[in-house]
Each structure stands twice: as C-alpha cells, then as structure tokens.
Amino acid sequence: MAKNNVGKKPISQEEYTTNKVLAVFSVCLLGVLVLMILERLLGYSNTWKTGVLVTRVLLGVGIVGAAAGIIMLGQEHAGKRSSVRRIVCGRNMLIASIVAIVFLTAINYYGTMPIKAMYVVLPVLAVYYLVYHSYAPEFFLIAVDTGVGVAAMLVIHRALVSANHTWMSTVAAAGTAVLALIQIAVTASLRRKKGKFTFRGRKIDTQFSKNAYLMLTITPIVMVALTAVVVLAASHVMIALGAAAAYLFITAVYYTVKLM
C-alpha cells in the first residue's frame, strides 16, 4: 500500500481562536472545582490541615508553572520554539500560573474568606476572554469599564456600611475618576491619530469603528456618575448596579447586531 504523503492540514485562525476560548473556559471550570474542594477541606477542623497542605502543594505547582512559562517565553523570543497558534505557549502558561499563584496565596493567608469572590472572578475572566475574541475592540473596553465601575460600587457600598473602612470608599471613587480621565485623554489622542499609534517601533491600528470614540468617552463618564450615586447614597447601590447592567446589556445588543 502506498504511503499517504498528504500533510496534516494546518489549523485555521478561527479554529485556533475557538480552541483557545474553549481551553480558557475549561481551565476556569477546573479552577472553580478546585476552589470548591479547597473550601470543603478548609471549612472543617478535621480536614483543615489537609486543605492547607493541598493549597501549598498547588501553590508550588503554580510557581513551577510560572517558571516554565518564563523559560518557554525566552525560547520563543530566541526563535528556539514557535508559539504560532499554540495554546500551550509561554505567555499563556505564565498568565495562568500567575492567576493561580495570586488566588492560592490569598487562600493560604486568609483561608476560605476570598473563595466566594473567586467563584465570581474566574467565570468573569472567561467571559471577558470570549468578548475579547468575539466582539469589536471597543466593546471589550466598554465591558472592562463597566466591570471596574461595578467593582468600585460594591467596594464603596461595603466600605460605607462598615464604619471602620469608610476610607476605602474615597479611594475607590477617586481611583474610578482617575481611570476615567486617563481613558478620555487616551481616546481623544487616538481620535486625532485615527486610531493608530506606535508601540516598540511597531505601528498598531486599533481598528475602532466610527462610534467607538464617542462610546469610549461616554462609558467612563457614566460609570463615574453611577459611582458618585453610591457615594452620596449607599442605599441606592442596587439602582446604580442595575443601571450599569442595563447600559452594558444595551451596548452588548448593539454590538451583537453589528456582528450579524
């Protein structure tokens, strides 16, 4: 029988992107399952020591993964290893390891307290990754703005409810305002340059649509305004959060229709 000399068909960019998104969702799901196990182990006195040991072992694995990611990244920059359309590459390994190290370090120091927040953070990261690869670049930034605004509102509300942490509300509100000013200034600069800029000698085109600059200016202003509502009246936090969710939903519908 003659040998089949037909080479393996290279994976397309669309297939690669789909595989990356699926991989991220799978890793986040695995992360949630690991968090559930750790919460169970650390939540009972008879399994607490086992939970601490498992946490530290996983933390060590994360550190080894980060080191491996750095080595792989160095090989890729030196041309000894290709990262083209590879899910397991230096950058991906390093990012996943850093996230794991941050989460496990928090659990190691604070126990089960931060785990409930992590249940939210991991799926949110997966959704943001999907948005980044599926929607227009400006909608990803709008989603990030909304996420930052929602996080600031929750921090401000929690700080105002607790008399011992009122200073956190000031920091969160001021931080949101500063980030909004930076984004408005950068957006104005990109608008003058027609969405193009130079980074490390490379010319980059943001590929923003016509309405992108207007949306990227309005969104941070809306988030600052909603944050101010929570600062002035903490009891209105649900109204502010609902308004932020409605704004993101309407924007998502608009950009989804544009994809069709």
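The values are calculated or read from the model by the stated rules, or taken from the named source; none is laboratory data. Since we're looking at a predicted model, the values are computed, not measured. All Cβ positions, glycine included, derive from the backbone under ideal geometry; neighbour counts span all protein chains shown. Ligands, DNA and RNA are excluded from the accessible area calculation, which covers all protein heavy atoms including side chains. Shrake-Rupley method; radii C 1.70, N 1.55, O 1.52, S 1.80 Å.
Assorted remarks:
- Look at (1) of a type outside the set (Ser, Thr, Tyr); (2) in contact with an Asp or Glu (Cβ under 8 Å, 6 or more places away or on another chain); (3) farther than 30 Å from Phe249 by Cα and you find that Val54 fails only one, number (2).
- Scope the range 62-90; condition open to solvent by 70 Å² or more (accessible area, probe 1.4 Å) and within 20 Å of Asn19 (Cα to Cα); matching residues: Val84, Arg85, Arg86, Val88
- Flag for Ala246 being crowded, with 17+ Cβ neighbours inside 10 Å and under 23 Å from the mean Cα position of the chain (by Cα): no
- Some residue of the range 26-45 being in a loop (DSSP other than H, G, I, E, B), open to solvent by 50 Å² or more (accessible area, probe 1.4 Å), at pLDDT below 95 and not aromatic (Phe, Trp, Tyr): yes
- The set of residues in the range 230-242 that are farther than 14 Å from Ala151 by Cα and either acidic (Asp, Glu) or open to solvent by 30 Å² or more (accessible area, probe 1.4 Å) (or both) comprises Leu232, Ser235, His236, Ile239.
- All conditions in (1) part of a helix (DSSP H, G or I); (2) touching a Gly at 6+ places or on another chain (Cβ under 7 Å); (3) of a type outside the set (D, E, K, R) hold for Ile98, with the sole exception of (2).
- The lone exception for Phe103 - which of (1) touching a residue at least 40 places away in the same chain (Cβ under 8 Å); (2) closer than 27 Å to Ala233 by Cβ it fails: (2)
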